[in-house]
Every structure is written in structure tokens, then in C-alpha cells.
Amino acid sequence: MRFSRLSSTKSQGGWPSVRGNCRRALSTHAGCTCSYGMPFPLLRQRPVSGARFLSTSLVAHHRPNNTGPFRTMEDKLQSLAFRERLAAAYPWTKAPLIVGAPMRVMSGPELAVAVSRAGGFGFIGPGLTPQATAADLETAAGLIAAATAASGAPQAGPHSSSSALLPVGVGFQLWNGDLGISASAVARYRPAAVWLFAPANGQPDVDRWTTRLREAAPETRIWLQIGTLREALDAVRSASPPDVLVVQGAEAGGHGRASDGIGFITLLPEIADATQGSGIPLVAAGGVVDGRGVAAALGVGAAGVAMGTRFLASREARIKKGYQDEVVRATDGGGNTVRTQLYNHLRGTFGWPEQFSPRTIINRSWVEHQAGTAMEDLKKRHDEAVAKGDAAWGPEGRTATYAGTGVGLIRSVEPAGEIVEGVRSEALGIVRRLSGLSH
């Protein structure tokens, strides 16, 4: 089995055509290459008519007939069915699709652009304030324009009359996000995709954001992060289904399901079976830091893979040195990380919906909390440690070090582009070697 980018076929009128009823494929209108360090394509959206997705009636009952004629190997491997669609929608990307997750603050425009330039799909994370998103998109647009100008290719910026999309995405945290400010930023800069996560009230909040964002920028795709089968079914059956589902396993760092999460190895294929017929690609997330994880995700039906923790150890990440050093140092991700709201509260962050909790590398604050130390004492020691700078992180540190269970596989800080290319190459090598098992 070969995993390489599939070219789309031409329909009448010359626009790309992809499998299924979802024909909102994008095509380039500027001749650019996809190799790292080269300019980006400028994207134009084909006018849309008709239904966005296949009928969701096919997923009305979430337990499919596993013995029926449609349960072929290709049915089970959505990576085969949907990679062409994703390649058509994001033509600068290479297979297998590697996504830079929108980590809050840490995933800035430099990181997102570097990931996309390497043939991945980089997302900018939420900033400290809702207004920070527009500033980050402005910076990303400048970086992309500079790369395009250096190549001599035609330019289209956020203030032009062109319908060009930025070849990066942006993430929004719904529970404390500002929909008005967010929609304004998306309308002005037109990122290729928006990644929604952490709604306080479930699907109704997602529907509200999705509707508003699609009105603001119809050509921008909507990605939705979910962590349970129920969330996936609610999304697919809703009046505003997403264009992509990001299936986050319990291995993930940062904020994920507090108590009902499971690993994507079992979660994703069950969701794939339950949502078959929806036409919505699935992207795996949680614990993936190298080519082995990518190959595993493809094997259970993912059309692509999102990585967060691995990019904490990239040169472009917006991260303190002490934090990054701890990501590289830490081992035994299963034993040395934990999901807890403790570090949110020590940092003065309250209000997260109870269904979400962050995974962090444990340190003195957690050890002493488990031993019964009063919160006021933990808070005082935490603030004193933070005032010392990089010493706040590490085994004897006291502040949050959000990271996934794959942290023990990270051993160096590298440029984001090299990470993308290295992980992609390793994954392809694994798939090729495994294909020899059939001989």
C-alpha cells in the first residue's frame, strides 16, 4: 500500500472534483510548488451549491453492520477514501497529512507557517486575548506574502479583492472565546480552516460558532475536535456538521476529556464505523510524535494526524526555555503526566467546563498536592517559583507543563519543517516495509 498524494480529476468547468458529494474542492490559481522553503499556492474556492455532505441518515444508528457488503478494507481505512479530498482542499500539503495542532499561545504564526511550508497544515492557537488572533493572522499573512514575493509569484493578501485563502488554520476555544471578534478576524484574513474545541454546552455552542463563521468566510473549512463517540455523533447529525473531525485520544496533552477519554487506537475506528457515509474525514490526535504514531493512525482509519506536544520542541514554538527543556527531558509519559485542574488553579485560571481537564508533566506542586498541602501554600510556592523564570519548570518546578503521554519520545529541539519532513518520511518508510508482509 502506498501513501502518496492523489491528484484530483477535472470536472466540467475545470475545477477539481473529489470523491463523494462534498465537492467544495479548492484549486491553485498561482503556480507554486509544495516543497519546504518554497512559496505557497494561493487558494480560490469553487462556488458551492447543493448539500454540503452526504445524508446523515446513514449514521442514525451508530452500530454499523460489520458483516455487510460495505465493510470492505477500504471502507475501514478512511485514509484511503479521504486523503484525495484533503489534498484537493489543501493543495500545498503532502501525504500523509501532518497537522500542527492549535496549542494556546504556543502555536504562533511562525510555527503554523513553518509547518505548512513543509507540506503539513499548521494551525495558530488561541492567544492570551481574543484580539490576539487577528494580530497572529496578520503576522502569518506577512510571512506568507514575503515567501511568495521572494519567489516572484502573484500575491493576494487579506486586504485584496481576491478570494485567496491563507494556507494556515486558526483554533478557537469556545467556552471563553469571543465569537464576534473571532468571526471578524476570520472574515478579514480567510484562513484555510478553523479548528473549534472545548464548548461549554456541547453541540449547541458548536452550531452557533459554525454558523457564524461560515457566514463570515464561507470558503474556510470547519474542523471540530472531539474526544468521545457521543460528541462525534452529535456533530455529524447536527444542522451544522463540520468539514473535518479531529478525534483526540486520551494520550493528548493540554485540555482533553476529563474522565471519559480513551486512546485513539480504539476511539477512532469506532467513530469511523459509526460515521461512515457522512463524508467527513477523521484526523487522529493524541500521543503521536513520530512516524510510528502516524502509521498507527493511518492503520485505524485516520485521513491525517495532528501533533501538538512534538511541536513544543520546535524552534518556532512560542515557549519558555524552561518549559521546552522539560519537554525534552521528561520520560515515561504514562507515569509522569496526569490530568488535573490543579495547575489551572495555581495559575489563576478558572471556569473550564468540568468535562475538560489538562494533561501536564508532574512536578513538586502535584507531589505536595497529593500529600495534602493546602492550596494557599501551593499557590504561594508556585508564584515564588514563577518569579524565578525557567526554574519554575522541571521535576522540582511548580508551574504547568502541559504535554501529552508521548513526551518520553521527544529528545531534541528541531525546526518545525524538519520535524514534519522527518515524521512523514519515517511513516512512509514504515508503511512500505509493512506492505511486504503480504508477500
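The values are calculated or read from the model by the stated rules, or taken from the named source; none is laboratory data. Just so you know, these numbers come straight off a predicted model, no measurement behind them. Virtual Cβ from ideal backbone geometry, glycine too; neighbours counted across all protein chains shown. Side chains included, ligands, DNA and RNA excluded: accessible areas come from the protein's heavy atoms. Shrake-Rupley method; radii C 1.70, N 1.55, O 1.52, S 1.80 Å.
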Suppose all protein chains stay in the model; what accessible area per residue would a 1.4 Å probe give for region 304-439, in Å²?
48
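Which net charge results for the neighbourhood of Q131, defined as the other residues with beta-carbon distances under 12 angstrom from its beta-carbon, given Lys and Arg at +1 and Asp and Glu at -1?
-3
I'd like the GluC sites (Glu not before Pro) in region 331-439 restricted to DSSP loop residues with at most 13 other Cβ atoms within 10 Å, sorted by number.
E354, E396
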Under 15 Å Cα-Cα from K94, which aspartates and glutamates qualify once same-chain neighbours fewer than 8 residues away are excluded?
E84, E418, E421, E426
Strictly greater than 22 Å: what percent of every Cα pair in region 280-433 meets that?
47
Determine which residues of region 306-343 fall in the zone a paramagnetic label at M375 would reach in this model, i.e. backbone nitrogen under 12 Å from the point 7 Å along Cα→Cβ.
341-343
Potential lengthening between F350 and E215 on full extension [0.36 nm per residue; Cα-Cα distance subtracted]
45.5 nm
With just the Cα atoms defining each centre, how far is region 365-421 from region 160-213? Give it in Å.
30
What nm value, rounded to one decimal, do you get for the distance between R432 and S184 when each label is placed 7 Å out toward the C-beta?
5.1
